[in-house]
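Just so it is clear, none of the values below were taken in a lab; they were calculated from the coordinates. Quick caveat, the model's predicted, so the values are computed rather than measured. Here Cβ is always computed from backbone atoms with ideal geometry, including for glycine, and neighbour counts include all displayed protein chains.
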Amino acid sequence: MSGIFAHLQSPIGRLLITSDGESLTGLYMETERYAMPRDSGLLEDPAREPLAAAAAQLAEYFAGRRRRFDLPLAAQGTDFQRRVWSELTKIEFGSTLSYGGLARRLGNPGASRAVGLANGRNPISIIVPCHRVIGADGTLTGYGGGLARKQWLLRHEGVVRSSAG
C-alpha cells in the first residue's frame with residue numbers, strides 16, 4: 001500500500017493529512033507551497049488509523065482542549081531536517097523560539113539559515129509546530145501556510161512568552 005489520506009475542515013481552512021498506514025507522513029494546508037501533489041497514489045480513508053486519531057486530536061487542538069499531540073510521525077527528510085523537526089516538537093504550546101535559538105539548541109549556533117530552510121520544509125505542520133519559530137527580533141517570518149495562518153495559530157495558542165535567544 002502506498003498510503004492513505006483524509007481532508008479536514010479547520011478554522012484555518014481545509015487540511016490534508018497523509019499516512020503510510022502506521023504513522024503520519026504529512027499535514028498540509030490548502031495553499032501550502034510544498035503540498036502533496038494531486039496525483040499522489042494515496043487512497044482516501046479518513047476512518048483508518050492514524051488518520052482518525054489525528055483528526056480527533058486536531059479537533060481538540062482547534063477547540064482549545066489539546067496542547068500536545070500524541071501521534072506516530074514519519075516525516076521524510078534529511079538527517080538534519082529530522083533533527084530540526086524533532087526539536088520543533090519541544091517548543092511548548094504558547095511559546096516561540098527564534099531560528100537562531102533553535103540552531104543553538106541543536107548545538108550549531110551558526111546554522112540559523114539552514115534551520116529556517118528545514119523549518120520551511122516541515123511536512124507535518126501544526127503537529128510539528130513550525131509556526132512557533134519567529135525572527136530574532138520577534139517578528140513573524142515566512143510560513144508555508146501563509147503569515148495570516150501563522151498569526152492565527154500563535155494567537156490561538158495565546159503565545160505567552162517569546163524566546164528570541
Cα pair distances exceeding 24 angstrom across segment 1-100, given as percent: 24 percent
Relative counts (whole %) of C-alpha pair distances in segment 79-163, using bins that are 5 Å wide: 3, 16, 31, 29, 16, 5, 0
Of all DSSP beta bridges in the chain, antiparallel share, percent nearest 5: 55 percent
Point-charge dipole on Cβ atoms (K/R +1, D/E -1) for segment 1-136, about Cα centre, debye to 20: 660 debye
In degrees, nearest ten, helix 79-88 long axis to first principal axis of the chain (Cα): 80 degrees
Peptide ranges 96-107, 58-69 listed from the most packed, as the mean C-beta count within 10 angstrom indicates: 96-107, 58-69
Helix 51-62 vs. the chain, principal-axis angle (Cα, 0 to 90°, nearest 10): 50 degrees
Degrees between helix 147-156 axis and first principal axis of the chain (Cα, 0 to 90, nearest 10): 90 degrees
